[in-house]
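Read-outs throughout are calculated quantities, based only on the coordinates presented, and are distinct from any laboratory measurement. The model shown is predicted, which means the values in this text are computed figures rather than measured ones. Quick reminder, even Gly has a Cβ in these numbers, built from the backbone with ideal geometry, and neighbours come from all protein chains shown.
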Amino acid sequence: MEFLRMCLGEPDEGGRRKPIPLKGTEFQVEADLVIAAIGQAPELGWARDLGLELTERGTLKVDPVTLETSRPGVFAGGDVVTGPRSAVEAMAAGRRAAESIDRLLRGEDLREGREVPEAKVPEMDLRGVEERPPERPPTLSPEERRADFREVELPFDPEVAVKEAKRCLNCAGCCECYSCESACEAQAIDHALVDRLETYEVGAIVVATGYELLPKGVLGEVEEDPDVLDPLQFERLLCPSGPTGGKVFRPSDGRVPKEVVFIHCCGSRDPEHHLPYCSRVCCMYGCKLGVLYRHAVPEGRFYLFYMDMRTDGKMYEEFYQRAASEDRLVFLRGRVAKVFREGERLVVWGVDTLSGRRIEVACDLVVLALGMVPSPGTAELAELLGVELDETGFFREAERRLRPFESTREGVFLAGCCQAPKDIPECVAQAAGCAAKVMAFFAKAREGLREVA
Ligand SMILES: Cc1cc2nc3c(=O)[nH]c(=O)nc-3n(C[C@H](O)[C@H](O)[C@H](O)COP(=O)(O)OP(=O)(O)OC[C@H]3O[C@@H](n4cnc5c(N)ncnc54)[C@H](O)[C@@H]3O)c2cc1C
Ligand code: SF4
Ligand code: SF4
């Protein structure tokens, strides 16, 4: 058989580079059997008879949103529209066309709230990811293949299959398997939903956009490590309805951590490097997490490195005392200088400011009480609402002592951590206060209005 070498030309409008023959590169190969991998093209005589428009590439022309052809009421999808593609894409087109047909039969708008699907590749943090080429599956030798019809490409053995699966970056791209829809008992997931702009006319707005935690990476003294957790991750590990059903495991190797260190004030009360203020809730949730951990792992030890304990709520001091005496949490007064890995364990270096001694604790897990900061988008929202932020970036109240629920603009109220870090009882009280303020605001606006019979 005679061959001719090719090079790739410029990409066409579909992005494909066309092969161009290179003159004078002919060569011959002797073969016993020649198999032609025949290309595919749609047979569209019937479409022409129906008067359907075709593209220059000889495929059916459709509206990309509704998949309706040039003839109203006739829809198309799959390879006959896109040219040779995959079964998954054909199924997606089938669903899209089915929705259009359903809307058509109901007399609804075919386009409203729908967009052309766009494949989005999420940005990923590839730090620490080891580059590894794909494994090649074992194959039968040409001599073996010649004589029988056994599969030529053999499966991976279990060890290689696991190794290959570990190359997955878990990029969180959705493959539309709909498993989450069927698993969600509350039926709260609907993959057909798209963003919709809705307009409401309202008399008042309550902002309750909360907080987020500082990222772990901002703390120079703490090495990045899978066993260094933020407090919400640790809370999820302890939660009976969490991903591990309340069983505490180390993320790195799945072992039960026998020694856990909780570090207070990570980024808070550090005006030179991070936040000048106290995040107010972490002393108490540190005690709570310690007590929950000791109940889950009774033989475990829970150390807390603190600067001073802030227990400013009803029964909080009593809870702290019980955590120390009954649940035997170990409170170490001091600042942490460094957290690093040594073999299978993590090591925390600190100074006990009561005894003045240097302390070193080897442990299995470290939990950071990261400072609370305004939730993302707070500055943009403030601009949109025409209200002020204070010097810490949280929403500024009209007057700190006497009007803490009101923003700097009349009719816009503040509830919860969007105003400053606080715990749930305080958020609830502030939300109730806001509701009362809104009612009073409406009552004032209605003053002087007469009911017309
Ligand atoms: C690890 C940890 C443990 C804690 N444990 C306790 C505890 O045991 N007891 C206790 O009393 N307190 C605890 N707290 C504090 C508690 O989490 C907060 O007091 C509470 O969550 C604050 O409620 P919030 O509604 O103000 O804000 P959030 O809980 O932060 O809720 C704000 C919501 O607004 C949404 N949002 C943000 N921006 C926008 C926007 N622009 N548009 C629409 N939505 C938006 C967010 O997605 C979020 O759902 C804990 C905190 C942490 C970090
Ligand atoms: S489970 Fe849900 S979110 Fe995850 S891939 Fe399947 S459909 Fe997408
Ligand atoms: S509440 Fe406690 S741990 Fe949190 S910042 Fe204040 S002092 Fe530090």
So what are the ³J(HN,Hα) numbers for the range 421-438, from phi and the Karplus equation (6.51, -1.76, 1.60; θ = phi - 60°), rounded to whole Hz, Gly and Pro as x?
x, 7, 8, 5, x, 5, 4, 5, 4, 5, 5, 5, x, 4, 4, 5, 4, 5
Per residue of the range 190-205, what does 6.51 cos²θ - 1.76 cosθ + 1.60 with θ = phi - 60° give for ³J(HN,Hα)? Whole Hz please, x for Gly and Pro, Karplus curve as stated.
9, 6, 7, 5, 10, 4, 10, 8, 10, 10, 10, 9, 10, x, 8, 10
Amide H to amide H under 5 Å from Arg335: which residues, 5+ apart in sequence or cross-chain, H placed 1.01 Å off N in plane?
Val351, Thr353
Stokes-Einstein D for the range 88-243 (20 °C, 1.002 mPa s, Kirkwood Rh from Cα pairs), in µm²/s, comes to 94
Net lengthening on full extension, Ala432/Val330 (0.36 nm per residue, minus Cα-Cα)
33.0 nm
Calculate, for Arg341 and Glu43, the FRET efficiency according to 1/(1 + (r/R0)^6) with r their C-beta to C-beta distance and R0 60 Å; round to the nearest 0.05.
0.40
By how many nm would the segment from Arg71 to Thr199 grow when fully extended, if each residue of separation counts as 0.36 nm and the alpha-carbon distance is taken off?
42.5 nm
Give the shape of the range 124-208 as rounded, prolate or oblate, defined through the alpha-carbon gyration tensor: a ≥ b ≥ c are the square roots of its eigenvalues, a/c under 1.5 means rounded, and otherwise the shape is prolate if a/b is larger than b/c and oblate if not.
prolate
Would you kindly state how much longer the chain becomes between Val29 and Val152 on full extension, computed as 0.36 nm times their sequence separation minus their alpha carbon distance, in nm to one decimal?
42.1 nm
Could you tell me whether the range 211-373 comes out rounded, prolate or oblate from its Cα gyration tensor? Rule is a ≥ b ≥ c as square roots of the eigenvalues, rounded for a/c under 1.5, then prolate if a/b exceeds b/c, otherwise oblate.
rounded
Over the range 56-96, volume per residue of the alpha carbon convex hull, in Å³
61
Just grab the label-to-label distance for Tyr316 and Gln233, each label 7 Å out from Cα along the Cβ direction, in nm (one decimal).
2.7
Which value at 222 nm does the chain reach when only helices count, each DSSP H run of 4 or more adding -39,500 (n - 2.57), with the total divided by all residues and rounded to the nearest 500 deg cm²/dmol?
-7500 deg cm²/dmol
Taking θ as phi - 60°, what are the ³J(HN,Hα) couplings along the range 327-340 by the Karplus curve (6.51, -1.76, 1.60), each to the nearest whole Hz, with x for Gly and Pro?
8, 6, 6, 9, 8, 10, 7, x, 9, 8, 9, 7, 10, 8
Can you give the Rg/Rh ratio of the range 1-160, where Rg is from the C-alpha atoms and Rh is the Kirkwood radius?
1.08
What Kirkwood hydrodynamic radius do you get for the chain when you take the inverse of the mean 1/r over all pairs of distinct Cα atoms, in Å?
29.3
Once Rh for the range 377-446 is found with the Kirkwood sum over Cα pairs, what is the Stokes-Einstein diffusion coefficient at 25 °C and 0.890 mPa s, in µm²/s?
198
Protection proxy ranking of 280-292, 403-415 - average other beta-carbon atoms within 10 Å, highest first
280-292, 403-415
At q = 0.12, 0.14, 0.19, 0.20 1/Å the base-10 log of I(q)/I(0) from the Debye formula over the alpha-carbon atoms of the range 328-438 is -0.64, -0.72, -0.90, -0.96
Using packing as a proxy for protection, rank 129-140, 332-343 so that the peptide with the highest average count of other Cβ atoms within 10 Å comes first.
332-343, 129-140
Everything considered on the Cα gyration tensor (a ≥ b ≥ c; rounded for a/c under 1.5, else prolate if a/b is larger than b/c, else oblate), the range 282-379 must be described as rounded
Per-residue counts of other Cβ atoms within 10 Å, averaged by peptide: what ranking do you get for 297-309, 24-36, 361-373, highest first?
361-373, 297-309, 24-36
Tell me which residues come under 5 Å, amide H to amide H, from Val207 once H is placed; ignore anything under 5 positions away on its chain.
Phe413, Leu414, Ala415
